[in-house]
Ligand SMILES: Nc1ncnc2c1ncn2[C@@H]1O[C@H](COP(=O)(O)OP(=O)(O)OP(=O)(O)O)[C@@H](O)[C@H]1O
Ligand SMILES: [Mg+2]
């Protein structure tokens, strides 16, 4: 199998991995497929520039891991602060994000810097930015453009130096067209736009990642390192990975726990059978733009005929 040895420049080891939160368990960024290597070059080029970055990619593709790599490459001295926009309180989102001054509302005896303030001098990672309420999107743009934020109830703005790395699993321009995302913010984010392809489109990463996770989990569980049979390797490469790298990590972990031989075989992987046509149809819908209803109709018809043939 193809995981490069430690020291190989294509395997990026994170020196401070032990400080990462539990949700990001990776100690390295495994980017071996040609598409991933290309993306890594692009990431490292953008990291040093004073531009905001938008990472678009399906769930589990490694957006947060990539954002942490950007922070590391940018050599910004302060913290990497991660916030999921969907976790902001509907009522106090503005104060949580931009901070508030003493007495701004009941129960606010002292001032708070808010998420933006705590990322001052560092990187603010805003996950699922499309979930940020529209009025806050406009305010955020104002902060990024002017370099100062108005805390709720404050008489004057606070200077802020923030590098924004935003992530989205939905296509932002589609959200703009649906009236759910601020067009100006989408423009502002579009210079540093990175598309993190789904795992099924960078098959060259699958086995190195599987081997990498095996290494991590055998170490953690103090188990001997099993091989992966050729049939299991093929199954891993052919799987559709709707949950992307996170799903692969879970599959490998599970396989290791149930494997009673010195090689992981297909039945240890517990992969679902080939996707039903319904799921293929949903995937097509995701791929095809709303504007392309005619193309979608043709593909649906072809699927329908394929289904009829399979049923015969
Ligand atoms: N290239 C990679 N190398 C090593 N580990 C990876 C890689 N990509 C993802 N992972 C691991 O997969 C898991 C999911 O990654 P991450 O949380 O960054 O994905 P995400 O795109 O932010 O997911 P979500 O959309 O659900 O927030 C993490 O445990 C991460 O460490
Ligand atoms: Mg994430």
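Taking each residue as 0.36 nm, the span from residue 240 to residue 155 lengthens on full extension beyond its C-alpha to C-alpha distance by 25.2 nm. For the stretch 103-236, the alpha-carbon radius of gyration amounts to 1.54 times the rule-of-thumb value 2.2 N^0.38 Å expected for a compact globular protein.
Rounded to the nearest 10 degrees, the angle from helix 244-258 to the longest Cα principal axis of the chain is 50 degrees.
Apply the a/c threshold of 1.5 to the C-alpha gyration tensor of the chain and tell me whether it is rounded, prolate or oblate. Oblate, because a/c is 1.5 or more while a/b does not exceed b/c. Taking the DSSP beta bridges with both ends in the chain, the antiparallel portion is around 25 percent.
Shape descriptor for the stretch 157-222: Rg over Rh equals 1.20 (Cα atoms; Rh from the Kirkwood inverse mean 1/r).
Separation of the stretch 215-264 and the stretch 154-177, taken as the distance between their Cα centroids, equals 38 angstrom. Here, the stretch 154-312 is characterised by an Rg to Rh ratio of 1.11, where Rg is the alpha-carbon radius of gyration and Rh the Kirkwood radius. As a rough guide to protection, the peptides 110-116, 124-130, 67-73 ranked by mean Cβ packing within 10 Å, highest first, stand as 124-130, 67-73, 110-116. For the pair residue 37 and residue 102, the difference between a 0.36 nm per residue extended length and the Cα-Cα distance amounts to 18.6 nm. Annotation: the residues 91, 63, sorted from fewest to most other C-beta atoms within 10 Å of their own C-beta, follow the order 91, 63. One way to sum up the overall shape of the stretch 201-269 is the equivalent ellipsoid from its Cα gyration tensor, whose semi-axes run 18, 13, 10 Å, largest first.
Here, each number is a calculation from the coordinates, and none is a lab measurement. All values derive from a computational prediction rather than experimental measurement. Cβ coordinates were reconstructed from backbone atoms using ideal geometry, including for glycine residues, and neighbour counts include every protein chain displayed.
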